[in-house]
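A short reminder: the numbers here are calculations on the coordinates, not readings from a lab. Here the structure is a predicted model, which is why all the values come from computation and not from measurement. Neighbour counts run over all protein chains shown; Cβ positions are idealised from the backbone, glycine included.
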Amino acid sequence: MRVRAVVAYDGTDYFGFQRQANGPTVQAALEDALAQVTQSPVAVVAAGRTDSGVHARGQVVAFDIADWRHGLDDLQRALNAVLPPDVAVSAVEEAAPDFHPRYDARSRRYRYTVYNAPVRSPLDRRYSWHIRSPLDVGAMQEAARLLLGEHDFAAFGRPPQGTNTVRRVLAVGWGGQPPRLTFDIEANAFLYRMVRSIVGTLVSVGRGAMSVAEFAAALESRERARAGPTAPPQGLCLIEVKY
């Protein structure tokens, strides 16, 4: 049986989602929990390989189990009983045998949180980027609207595989209430570090270091050197994957 699960995690103490040899990962935590519960090795595939320090509320994974004799609710409870406190399975369901969480996805939505205040907030430090200087949210919103539609986003990232850097942004915009500003973006797919690069560049616009016209020129240039800095990982969260 192929199982589709929605997973939430605090990525602070993980070296990203994908299993690797040099540190703890979310994939390893999930696979270790599955092995413990099912008494057999289970491989997990995910909709996206979030980077070190990046969080998720709606990561989607899939895995196959052969000899589970209980219900899926029992499987969810058993996994959450043995997973570390910073990882949880929020939903499980049976999936089609050929379901793939990455290749079947229609779009993904990310949210980036900026804490914009003169003094840092210790309670927000794990989940936001602290910006001390005032930000022109109107200018940031104007620049963000330029991202809508299909563009070559080479200025903001590189493809995880191949050479295609064209992506289609379906929705984008700034929201939230000061001091917590949120940037939401939904696209058919993303380049490596694309959201963080976009946020870093939009913050440059908000600080007055870059004009909206210069932001547009950076997008059109397809040159990473024309864009702003890459925002730190802790403000980023994978909110939802749509199928």
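Key figures for this structure:
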{"read-out": "Ratio Rg/Rh [Cα only; Rh per Kirkwood] for segment 176-221", "value": "1.00"}
{"read-out": "Fewest-first sequence of 25, 201, 12 by Cβ atoms within 10 Å of each Cβ", "value": "12, 25, 201"}
{"read-out": "Alpha-carbon spread of segment 1-44, three principal axes, descending order, Å", "value": "31, 22, 13"}
{"read-out": "The chain: relative contact order as a whole-number percent, Cα under 8 Å and 6+ apart", "value": "24"}
{"read-out": "Overall Cα dimensions of the chain, principal axis frame, Å, largest first", "value": "60, 40, 31"}
{"read-out": "Extended-chain gain in nm, criterion 0.36 nm per residue less alpha-carbon gap, residue 166 and residue 12", "value": "52.4 nm"}
{"read-out": "In order through segment 19-30: 3J(HN,Hα) via Karplus (6.51 cos²θ - 1.76 cosθ + 1.60), integer Hz, x for Gly, Pro", "value": "4, 8, 7, 9, x, x, 9, 5, 4, 5, 4, 5"}
{"read-out": "Fraction in percent of alpha-carbon pairs per bin - 10 Å, segment 107-242", "value": "13, 47, 33, 7, 0"}
{"read-out": "Cut-off under 5 Å, modelled amide H: who pairs with residue 210 long-range", "value": "205"}
{"read-out": "Radius of gyration, Dmax [segment 2-94; alpha carbons; angstrom]", "value": "12.2, 36"}
{"read-out": "Segment 1-138: relative contact order as a whole-number percent, Cα under 8 Å and 6+ apart", "value": "29"}
{"read-out": "Net dipole in debye of the chain [+1 Lys, Arg Cβ; -1 Asp, Glu Cβ; about Cα centre; nearest 20]", "value": "660"}
{"read-out": "Compactness of segment 119-192 as Cα Rg over 2.2 N^0.38 Å, two decimals", "value": "1.31"}
